[in-house]
């Protein structure tokens, strides 16, 4: 049995932080008429001080430090050991948002970010 070239698998994960000890959190993006709401599950994150949220235009970046590391080991023909200590993800939003009005809350391991949509269309009254 020949070993297949797996370099594509590792290259793809290098961009998402796979080799750096980062893991992507579970994300839910919900869009309403006036805002975009993003929820991220961040287990093992103790408090809001360990969470960093940045937004610019139509992109949201979330990173958070875990209270303890998650370790993953696989033993067999190929051995693999990985330890994750942080969450990190970058999300492309469906539309541009009003950065100045964004709000975020963190409760019970769930981060909720509310991003009001940028008003791009305004109705003009006719005199």
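Taking the conditions (1) in a strand (DSSP E or B); (2) touching a residue at least 60 places away in the same chain (Cβ under 8 Å) in turn, residue 94 satisfies each one other than (1). Among the residues here, residue 110 does not qualify as under 11 Å from residue 55 (Cα atoms), under 25 Å from the mean Cα position of the chain (by Cα) and either crowded, with 16+ Cβ neighbours inside 10 Å or in contact (Cβ under 8 Å) with a residue 12 or more places away in the chain (or both). Taken as a whole, segment 45-63 holds at least one residue that is loosely packed, with under 13 Cβ neighbours inside 10 Å, part of a strand (DSSP E or B) and in contact with a helix residue (DSSP H, G or I) (Cβ under 9 Å, 6 or more places away or on another chain).
Once segment 64-85 is narrowed to residues that are in contact (Cβ under 8 Å) with a residue 40 or more places away in the chain and surrounded by 17 or more Cβ atoms within 10 Å (Cβ to Cβ), the residue that is nearest to residue 25 (Cα to Cα) is 64. Taken over segment 113-124, the residue count meeting the criterion of being surrounded by 10 or more Cβ atoms within 10 Å (Cβ to Cβ) and over 21 Å from residue 38 (Cα atoms) is 0. Residues in segment 19-43 that are free of Cβ contacts under 8 Å to residues at least 60 places away in the same chain, assigned to a strand (DSSP E or B) and farther than 26 Å from residue 119 by Cβ: 26 only. Modelled with pLDDT of 85 or more and exposed (fewer than 12 other Cβ atoms within 10 Å of the Cβ): does that describe residue 127? Criteria met by residue 127.
Only one of the listed residues (100, 50, 57, 76) is out of contact with any strand residue (DSSP E or B) (no Cβ under 6 Å at 6 or more places or on another chain) and at pLDDT 80 or above. That residue is 100.
The values are calculated or read from the model by the stated rules, or taken from the named source; none is laboratory data. Predicted model only: the values in this text are computed from it and were never measured. Backbone-built Cβ (ideal geometry, glycine too); neighbour counts: all protein chains shown.
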